[in-house]
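Participant: My structure is below; once you've seen it, I'll send some questions.
The values are calculated or read from the model by the stated rules, or taken from the named source; none is laboratory data. All values derive from a computational prediction rather than experimental measurement. With ideal geometry, Cβ positions are generated from the backbone for all residues, glycine too; neighbour counts draw on all protein chains shown. Accessible surface is based on the protein model in full, side chains and every heavy atom, while ligands, DNA and RNA are left aside. Shrake-Rupley method; radii C 1.70, N 1.55, O 1.52, S 1.80 Å.
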Amino acid sequence: MQSMTGDGSGRAALGEGHVVLDVRTVNHRYLDVRVRLPSRIQSRTPAVERVLRARLQRGRVDVSARFEGQTLPRPTLDLDRARSVYQELTTLRDELNPGEPVPLALLSSVPDLFVTHREVDEEALDAALVRAAEAACKSVNAMRNAEGAALATELQKRLGEVQQTLASLETALPTLVESRRSRLRDRLDALLSGTDASLDSARLEQEVAVIADRSDVTEELVRLESHRAQMLELTEKSDAPVGKQIDFLLQEMTRETNTIGAKVQDGTVTPNVIALKATIEQMREQAQNVL
């Protein structure tokens, strides 16, 4: 089992430094990859995203990149062009508004004012980004596996609690019919006391049979145990996404539990139904992070 929560980094040598990709994942219904690269290498976003989509499954994935050391050629200011642009701005100032200062900050909006004296090794940059992305995915998956193992242990513990509650229900249910027969007989005896009417035992047994049929939850218990066993088997898998299957099984377990609660409204059974609902809800919260 793997979690959708993870955090990791990957680094790859580039020039005299390194390119570093930081990846963080959280739970999401689908795979949602969001890559933020520095402006100088934004054109490489699709390539980085392809690596991540090939190696990660489900979850919201946020990716950022940074450079350490001298990785790309350092741009320098084209002084001749800067002087020429500033002179033109000064001339325009003298014509339109003499004496008004011309801030140097205006030069920052001039395109192509910074130049690179050596070309970027495009192939080396692409290869470094791919290596960093692959290493980041490996780091994230290692954490997701560790988180998944912890989730599996927690879910297995809760499934053990479900098994114990189901056993308590199975023990309590056989005595339920006899308890209801006794209560019904006591009520009828109280109603008939002081009259000449007598209790029709055959009719009483018919009513008890109807009550027993309406409150029979054998099928629900069988299905609950089946869902529990299937879910336990899924928690032991580590090579496939199981989150959606677990979520479906928990929905079915909730439905069966609600049916039991509606059919058997008895004080001896209600605590077990409440315990089942509470445990299933706890598992549903944990399962939101399962891949």
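Participant: Anything in the range 241-262 that is outside any helix (DSSP H, G or I) and in contact with a helix residue (DSSP H, G or I) (Cβ under 9 Å, 6 or more places away or on another chain)? List them, or say none.
Facilitator: Matches in the range 241-262: VAL242 only.
Participant: Same structure again: Kindly evaluate GLU161 against the criterion of being open to solvent by less than 60 Å² (accessible area, probe 1.4 Å), assigned to a helix (DSSP H, G or I) and modelled with pLDDT of 90 or more.
Facilitator: Yes.
Participant: Okay, next question. I need a count of the residues in the range 15-50 that are in a strand (DSSP E or B), open to solvent by less than 70 Å² (accessible area, probe 1.4 Å) and over 30 Å from ARG284 (Cβ atoms).
Facilitator: Counting residues in the range 15-50 that are in a strand (DSSP E or B), open to solvent by less than 70 Å² (accessible area, probe 1.4 Å) and over 30 Å from ARG284 (Cβ atoms) gives 7.
Participant: Still on this structure, please answer the following. Among (1) in a helix (DSSP H, G or I); (2) more than 14 Å from SER168 (Cα to Cα); (3) open to solvent by 60 Å² or more (accessible area, probe 1.4 Å); (4) modelled with pLDDT under 95, there is one condition SER238 misses while meeting the rest; what is its number?
Facilitator: The one condition SER238 does not meet is (1).
Residue-by-condition table, conditions (1) at pLDDT 90 or above; (2) closer than 30 Å to MET1 by Cα; (3) out of contact with any Lys or Arg (no Cβ under 8 Å at 6 or more places or on another chain); (4) open to solvent by 50 Å² or more (accessible area, probe 1.4 Å):
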position	(1), (2), (3), (4)
GLN57	no, yes, yes, yes
VAL61	yes, yes, no, no
ARG81	no, no, yes, yes
THR91	yes, no, yes, yes
VAL115	no, no, yes, no
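Participant: With the checklist (1) surrounded by fewer than 16 Cβ atoms within 10 Å (Cβ to Cβ); (2) more than 18 Å from GLN156 (Cα to Cα) in hand, flag the one item PHE248 doesn't pass.
Facilitator: (2)
Participant: Has the range 45-59 got any residue that is closer than 20 Å to HIS18 by Cβ and polar (S, T, N, Q)?
Facilitator: yes
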